[in-house]
């Protein structure tokens, strides 16, 4: 009878997977900790040259994995890395294919209806890449073909902002950032709209970066966070505790420097570290 009731509630969407099997309980039984990462969203989350997951946010999740080993008392806890895309990443959390989403995920109210979020991990914003001189404002995009990554808040923001400003532009969605920059470099696009951190990295490290310019202006502000299963409060507390511990020490700056090198955190990120270094 109880089993039938649970099945009915689950089918109705009133009882989610994480509520039936809490993450910490599952890991304490020796099951693997599954980290979701993006194949190409550097410098935050990507596959390195040797095929291994890398990036600033992936490294934060490795710190979470170390904390989990102590929390659930499984020192040899297995960690599995699962590739996700911009389109299926939240379904991967909801369906239980991954335990935590470790990539540049913008925290929004609509997404909080699907997943829970950790303390913020990064503050970034959208910029525009063009061939030659950088744009000074979105007005410069009038009548242009503008690329953007499909299924992201960046796409939503671009469409809504251009609509509000009554700027007629042809928005072209792409499946990954390198393809967007390739199309821009080859003249198939006039501009490319995306997260500044990723675009900065690609211009400096992509074969298509030569001759491309990133706008100085921030057109949006995006707050990134780790996406977690809804309703799993114990797991969320453990994740937030790990991040807060990092933010209170220089350890967070070592992790940052590994991905961003000599470029120091800006004023917004420094403020984030201070604000979210929540006392024990």
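The values are calculated or read from the model by the stated rules, or taken from the named source; none is laboratory data. As the structure is a computational prediction, the values presented were derived from the model and not from experiment. Neighbour counts run over all protein chains shown; Cβ positions are idealised from the backbone, glycine included.
Could you name every one of the helices (runs of 4 or more DSSP H) located completely within the stretch 223-280 that has at least 2 residues being more than 19 Å from the chain's Cα centre (by Cα) and surrounded by 13 or more Cβ atoms within 10 Å (Cβ to Cβ)? I'd like the intermediate steps shown before the answer.
Details: elements: 233-247, 251-260, 267-275.
It comes to 233-247.
Test residue 180 against the criterion of being surrounded by 20 or more Cβ atoms within 10 Å (Cβ to Cβ) and out of contact with any helix residue (DSSP H, G or I) (no Cβ under 6 Å at 6 or more places or on another chain), and give yes or no. Walk me through how you get there before you give the answer.
On the way: surrounded by 20 or more Cβ atoms within 10 Å (Cβ to Cβ): yes; out of contact with any helix residue (DSSP H, G or I) (no Cβ under 6 Å at 6 or more places or on another chain): yes.
So residue 180 fits the description; yes.
Consider residue 49 against the criteria (1) closer than 30 Å to residue 189 by Cα; (2) in a helix (DSSP H, G or I): it satisfies all of them except one. Which criterion is unmet?
With respect to (1) closer than 30 Å to residue 189 by Cα; (2) in a helix (DSSP H, G or I), residue 49 is out only on (2).
Would you confirm, using the coordinates I've provided, whether residue 234 is modelled with pLDDT of 95 or more and outside the structural domain of residue 95 (by TED's automatic domain parsing)?
Details: modelled with pLDDT of 95 or more: yes; outside the structural domain of residue 95 (by TED's automatic domain parsing): no.
So residue 234 fails the test.
In the stretch 129-161, which residues are under 24 Å from the mean Cα position of the chain (by Cα) and free of Cβ contacts under 8 Å to residues at least 40 places away in the same chain?
Scanning the stretch 129-161 gives 155, 156, 158, 159, 160.
Please specify each residue of the stretch 82-96 satisfying the condition of being in contact with a helix residue (DSSP H, G or I) (Cβ under 8 Å, 6 or more places away or on another chain), farther than 18 Å from residue 24 by Cβ and either buried (at least 19 other Cβ atoms within 10 Å of the Cβ) or touching a residue at least 60 places away in the same chain (Cβ under 8 Å) (or both). Step through it out loud before you land on a result.
Start the filter on the stretch 82-96 by keeping residues that are in contact with a helix residue (DSSP H, G or I) (Cβ under 8 Å, 6 or more places away or on another chain), which leaves 82, 84, 90, 94-96.
Right, trim to farther than 18 Å from residue 24 by Cβ and you get 82, 84, 90, 94-95.
If the condition is that a residue be in contact with a helix residue (DSSP H, G or I) (Cβ under 8 Å, 6 or more places away or on another chain), farther than 18 Å from residue 24 by Cβ and either buried (at least 19 other Cβ atoms within 10 Å of the Cβ) or touching a residue at least 60 places away in the same chain (Cβ under 8 Å) (or both), then 84, 90, 94, 95 are the ones that fit.
Considering only helices (runs of 4 or more DSSP H) fully contained in the stretch 92-207, which possess at least 3 residues that are at pLDDT below 95 and under 30 Å from residue 239 (Cα atoms)?
Details: elements: 153-164, 177-185, 196-205.
It comes to 153-164, 196-205.
Condition first: at pLDDT 95 or above, in a loop (DSSP other than H, G, I, E, B) and farther than 18 Å from residue 257 by Cα. Can you find one or more residues in the stretch 53-69 that meet it?
No, the conditions are met nowhere in the stretch 53-69.
Within the set of pairs 6 or more residues apart or between chains, which connect a residue that is free of Cβ contacts under 8 Å to residues at least 60 places away in the same chain inside the stretch 185-196 to a residue that is outside any loop (DSSP other than H, G, I, E, B) and surrounded by fewer than 21 Cβ atoms within 10 Å (Cβ to Cβ) with Cβ atoms less than 6 Å apart?
189/145; 189/183
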